[in-house]
Amino acid sequence: MSNLDDPRVLFAAERTLMAWSRTAAGLMAFGFVIDRTALLAPRAAAGSAFALWIGVAFVLLGVTVSVLSIVQYRRSVATLRPVEVPPGYWVNLAVYVSAAIGLLGLALALYLTVA
């Protein structure tokens, strides 16, 4: 249980969550770039299939990071006392954004494997 009586603790946890969300989005983008760059390279089809699975692995790693960051954030927010949360503040807004990033990552992984 936190005893700081300071809303900056919540804001720090939220900034950390958003930093992990940016990392997750970056991993997903990197996976997409790996897959699409392999399509441009004049190599055998086997190399393209390998790049596909490496790209999908990066996308799924981003999804995993997104989910785990939400879990970690919720655990840290659960330790806060009501005085540390400003009245009317949407504590879960960053969680919704991170969840949307994770869901879009799953959609991207599906797109890469089907297309």
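The values are calculated or read from the model by the stated rules, or taken from the named source; none is laboratory data. None of these values were measured; they are calculated from a predicted model. Ideal geometry is used to build each Cβ from the backbone, glycine not excepted, and the neighbour counts take in all protein chains shown. What goes into the accessible areas is simple: the full protein's heavy atoms, side chains included, and nothing from ligands, DNA or RNA. Shrake-Rupley method; radii C 1.70, N 1.55, O 1.52, S 1.80 Å.
A few points about this structure:
- Residues of region 47-63 that are open to solvent by less than 50 Å² (accessible area, probe 1.4 Å), among the aliphatic types (A, V, I, L, M) and under 26 Å from Ala99 (Cα atoms): Leu52, Val56, Val59, Val63.
- Residues being open to solvent by 60 Å² or more (accessible area, probe 1.4 Å) and either in a helix (DSSP H, G or I) or at positive phi (or both) - total across region 72-96: 9
- Residue within region 31-39 that is more than 14 Å from the chain's Cα centre (by Cα), open to solvent by less than 80 Å² (accessible area, probe 1.4 Å), among the acidic types (Asp, Glu) and closer than 22 Å to Val9 by Cα present: no
- Verdict on Val56 being of a type outside the set (Lys, Arg) and closer than 15 Å to Ala29 by Cβ: yes
- Ala24 being open to solvent by less than 40 Å² (accessible area, probe 1.4 Å), over 10 Å from the mean Cα position of the chain (by Cα) and in contact (Cβ under 8 Å) with a residue 40 or more places away in the chain: no
- Those residues of region 73-110 which are charged (D, E, K, R) and out of contact with any helix residue (DSSP H, G or I) (no Cβ under 8 Å at 6 or more places or on another chain), in sequence order: Arg75, Arg81
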